[in-house]
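So the structure is just underneath, and the comments pick up after that.
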Amino acid sequence: MSDHREIVVAASALSLLMAGQTQAQDQGSRKGVAGYVRGNVQLIRAGESRAVKVRVGDPIFANQRIVTDGRSRMHLMMVDKSSITIGPNSDLRIDKYEFDKKDPSVGEMVLTSAKGLFRFVGGLLSKRNPVQVRTPTATIGIRGAVAFVEFTETGIRITFFYGNEVTVTPDGGGTSTINQPGYFVQLNNDGSSESGRLDPSEVATIASQLEGAADGQITVSSSTTNAGTTVLEIDLDNPSLNLQELENTLRTQDADFEAVRQVLEQLRTNVVGSGG
Amino acid sequence: MNANKSGHRLLKRCALITLLTLGFAMPGHGQSVAEFDAAYEAMLDNPEDLEAIVRFAEIATRIGEYEVAVGALERLLLYSSDLPEIRADLGFLYFRLGSFELARYHLVEALNSGRLPPDLELRTARLIDGADDNVARHSFIGRLNVGLRFQTNANSAPSNDRVLAGGVVVQLNDANQEQQDYDLYAVASGLYRYDLQTQNGAAIEVPMSLVVDRFADQETLHNLTISLNPGVRFEPDPVDAKGITLFPHLLSRVVERGDELLSTSLGVGLGLRYAARDDLFAQGLFRHRRIDFRNSGLRPNASDRDGYTNLLSGSVRYRLMDSLFLRGAAHLVQREADRDFNSSFEWGGSLRLIKSHSSDWLGLGTGQFRSYLHAGLRDVRFSAPDPGVDQNTKRNDHEYTLGLGSTLSLNRQWSVSLEGSATNVTSNIRNFVRDNLSVSLSATYRF
């Protein structure tokens with residue numbers, strides 16, 4: 001398995017930043033854990049506007065909103081053994097999560113999402129009670145299933161890959177049910193809907209969005225903090241990557257980011273961030 | 001009588017082996033669940049321990065929790081998408097779940113990496129074929145099996161050369177005594193499937209088969225059988241009874257024996273299949289069929305057997321261990337013929353242990369080696385005495401079979417099999433007491 005290293009570069013100060021710790025919370029009541037985080041994943045608690053950067057291992061609670069940018073992904077492991085993989089440019093809120101290991105039949109999970117892509121893989125909870133996903137135009141019920149939910153420019157597409165069933169109920173009424181693997185329901189922004197079997201090439205397209213890069217590749221993401229500092233985050237999967245390769249990649253991905261070039265010059269001379 | 005006792009002893013031994021195997025194969029479920037929970041907690045506590053992910057996925061797979069195993073392995077692919085063996089495992093899991101689209105995606109990616117070990121590569125390629133068949137709207141899967149067989153009693157003649165005819169003991173002529181023979185056979189079978197794309201999984205299915213069997217000496221045993229059984233398979237309750245399918249179908253069959261038409265039959269059937277998990281597969285079948293026999297020079301009184309048959313059968317295949325399966329089957333057959341002495345009631349059952357193992361030791365590096373041990377029992381009771389044999393005795397036969405065989409996969413399409421079986425039939429009428437030993441070597445091509 002490759003090393004996973006991260007170099008955070010503050011372009012304004014040309015210094016290496018260490019990200020702050022996610023606010024400590026009571027581990028005993030965690031609903032899940034961040035099982036994988038790549039790039040800039042922000043967590044916003046209910047009633048707060050301040051975003052906190054999510055780290056692998058951070059506990060996840062109800063009433064939290066998770067936001068990813070264009071180069072970020074996250075995987076949530078819930079305590080009932082279900083999992084949610086959140087793709088790039090996504091926004092997902094965990095409104096409610098109740099699970100009692102001693103009596104899984106009384107549990108409930110309610111999510112809200114308005115953009116992006118996520119995959120739900122069912123655990124104990126969804127076998128008994130459908131997981132509810134609220135969207136701006138419909139409510140989705142996922143019962144004991146592996147399902148993808150994608151927000152596109154034209155609407156929402158829900159694809160069922162395994163399990164009991166997925167129901168899609170538009171706000172205007174009329175529920176569509178899918179229970180055959182590989183079938184989807186698409187709700188268009190104009191109110192129309194369609195369903196059918198997903199083309200195999202599209203399966204590859206959506207599934208690959210929820211995977212990491214192959215060894216030897218780099219992903220770069222940038223974000224702006226509340227203080228106005230631009231943070232450039234570089235994920236390295238290849239421990240043998242040299243700085244020249246890094247620079248080449250950065251030139252490709254952020255060619256107009258002049259500060260990056262200066263940072264790299266400094267890195268090259270100081271050999272900063274080469275450790276595992 | 002001695003043969004009868006030895007047959008019973010044989011079956012008892014097989015049953016004992018089976019029970020012992022089951023005993024070894026079924027660890028305490030509670031212990032497994034506790035291990036499963038502990039492995040998940042370990043992942044929650046240390047999400048970046050990649051070994052813990054693999055360990056959890058292994059335990060989840062072992063206890064049949066494929067869905068959560070999928071969740072764990074998908075997480076590994078977030079760390080790196082360049083993990084062909086993990087992808088192959090993920091593909092196998094999705095295949096087991098019946099999610100053929102995702103199975104295909106991961107299996108193709110794994111195969112295209114070119115870095116899978118040879119046996120895994122072959123298995124992956126075969127599962128891709130299987131996934132393709134399930135994803136396509138039209139599909140046809142077929143196999144052609146061609147083999148050479150040797151039998152010590154090819155003509156099913158009685159072991160005793162003195163038999164009853166009209167209640168009188170007569171000496172059989174040489175031609176009607178046991179004849180050993182070789183036969184060359186070919187079995188072509190196929191399944192055409194058309195997906196109706198409904199949310200109850202409905203599909204038109206047309207199973208078909210052609211059997212051609214030519215004997216070296218016993219030309220009257222030449223056999224040609226053609227059958228076609230079209231129907232519609234569907235899930236009666238795709239939500240709450242996932243994995244259960246029904247298959248109402250029509251039956252048609254033509255049989256030629258000794259190059260003369262023997263019988264034609266038409267009927268209806270209802271199949272039931274439960275295949276929600278790959279460690280447990282069960283099926284049941286009811287068939288009602290009208291059979292008409294054709295009188296010929298070889299069989300002048302064949303039409304005495306015209307009538308109806310009702311068949312009720314069931315089988316269960318269970319995964320005892322990772323590569324060891326047990327298959328149990330039972331059947332009942334009622335035959336109502338125009339002549340009572342041709343009417344009968346039959347029951348039977350069989351057990352088969354199937355073991356898969358790697359063929360690496362052969363140096364072929366091409367895949368799996370599958371062996372089986374089979375034991376079967378059949379009891380047939382006729383409704384009335386046959387006056388042509390013994391007008392005072394209703395015939396009652398017991399048949400015992402013991403077989404074993406191995407199949408070696410050579411590549412994605414070809415495999416070779418070596419099989420042997422011993423059959424012993426005891427009967428209350430000496431005419432029907434017989435034995436047979438059979439050995440066959442065959443090659444199979446899948447397409």
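The values are calculated or read from the model by the stated rules, or taken from the named source; none is laboratory data. Quick caveat, the model's predicted, so the values are computed rather than measured. Quick reminder, even Gly has a Cβ in these numbers, built from the backbone with ideal geometry, and neighbours come from all protein chains shown. Side chains included, ligands, DNA and RNA excluded: accessible areas come from the protein's heavy atoms. Shrake-Rupley method; radii C 1.70, N 1.55, O 1.52, S 1.80 Å.
The table below lists the values:
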| quantity | calculated |
| --- | --- |
| Criterion violated by B:Asp240 - all others in (1) within 25 Å of the chain's Cα centre (by Cα); (2) within 28 Å of B:Ala203 (Cβ to Cβ) satisfied | (1) |
| Which listed residue is closer than 22 Å to A:Thr112 by Cα, surrounded by fewer than 19 Cβ atoms within 10 Å (Cβ to Cβ) and either touching a helix residue (DSSP H, G or I) at 6+ places or on another chain (Cβ under 9 Å) or at pLDDT 80 or above (or both), from A:Asp69, A:Asp58 | A:Asp69 |
| Hits in the range B:130-163 (condition: within 30 Å of B:Gly420 (Cβ to Cβ), out of contact with any strand residue (DSSP E or B) (no Cβ under 8 Å at 6 or more places or on another chain) and open to solvent by 40 Å² or more (accessible area, probe 1.4 Å)) | B:Asn160 |
| Matching residues, the range B:247-262, being in contact (Cβ under 8 Å) with a residue 40 or more places away in the chain and either part of a strand (DSSP E or B) or β-branched (Val, Ile, Thr) (or both) | B:Phe247, B:His249, B:Arg257, B:Leu262 |
| Yes/no for B:Glu178 being out of contact with any Phe, Trp or Tyr (no Cβ under 8 Å at 6 or more places or on another chain), closer than 20 Å to B:Asn411 by Cα and of a type in the set (Asp, Glu) | no |
| Residue in the range A:154-169 that is open to solvent by 10 Å² or more (accessible area, probe 1.4 Å), within 14 Å of chain B (Cβ to nearest Cβ) and of a type in the set (Ser, Thr, Tyr) present | yes |
| Cβ pairs under 9 Å, 6+ apart, first in the range B:289-303 and without any contact (Cβ under 8 Å) to a residue 24 or more places away in the chain and open to solvent by 70 Å² or more (accessible area, probe 1.4 Å), second assigned to a helix (DSSP H, G or I) and of a type in the set (A, V, I, L, M, F, W, C) | B:Asn295/B:Ala302 |
| Residue under evaluation B:Gly114, criteria (1) outside any helix (DSSP H, G or I); (2) within 11 Å of another protein chain (Cβ to nearest Cβ), criterion not met | (2) |
| Those residues of the range B:376-424 which are among the β-branched types (Val, Ile, Thr) and assigned to a strand (DSSP E or B), in sequence order | B:Val380, B:Thr401, B:Thr407, B:Val416, B:Thr423 |
| Residue within the range B:238-245 that is away from chain A (no Cβ under 14 Å), within 30 Å of A:Gln180 (Cα to Cα) and surrounded by fewer than 17 Cβ atoms within 10 Å (Cβ to Cβ) present | no |
| Residue under evaluation A:Asp80, criteria (1) more than 17 Å from A:Ala207 (Cβ to Cβ); (2) modelled with pLDDT of 95 or more, criterion not met | (2) |
| The range A:174-208 - residue that is within 11 Å of chain B (Cβ to nearest Cβ) and part of a loop (DSSP other than H, G, I, E, B) and, of those, surrounded by the most Cβ atoms within 10 Å (Cβ to Cβ) | A:Pro181 |
| Test: residue in the range A:84-105 that is closer than 19 Å to A:Gln132 by Cα, assigned to a helix (DSSP H, G or I) and away from every other protein chain (no Cβ under 14 Å) | yes |
| Check on A:Ala138, surrounded by 19 or more Cβ atoms within 10 Å (Cβ to Cβ), aliphatic (A, V, I, L, M) and at pLDDT below 90 | no |
| Complete set of residues in the range B:93-110 that are small (Gly, Ala, Ser) and open to solvent by less than 10 Å² (accessible area, probe 1.4 Å) | B:Ser99, B:Ala103, B:Ala110 |
| Selection within the range B:117-138 - among the hydroxyl-bearing types (Ser, Thr, Tyr) and either within 14 Å of chain A (Cβ to nearest Cβ) or more than 23 Å from the chain's Cα centre (by Cα) (or both) | none |
| Strands (runs of 3 or more DSSP E) enclosed by the range B:176-229 - at least 3 residues per element that are open to solvent by 60 Å² or more (accessible area, probe 1.4 Å) and at pLDDT 95 or above | B:181-195, B:203-215 |
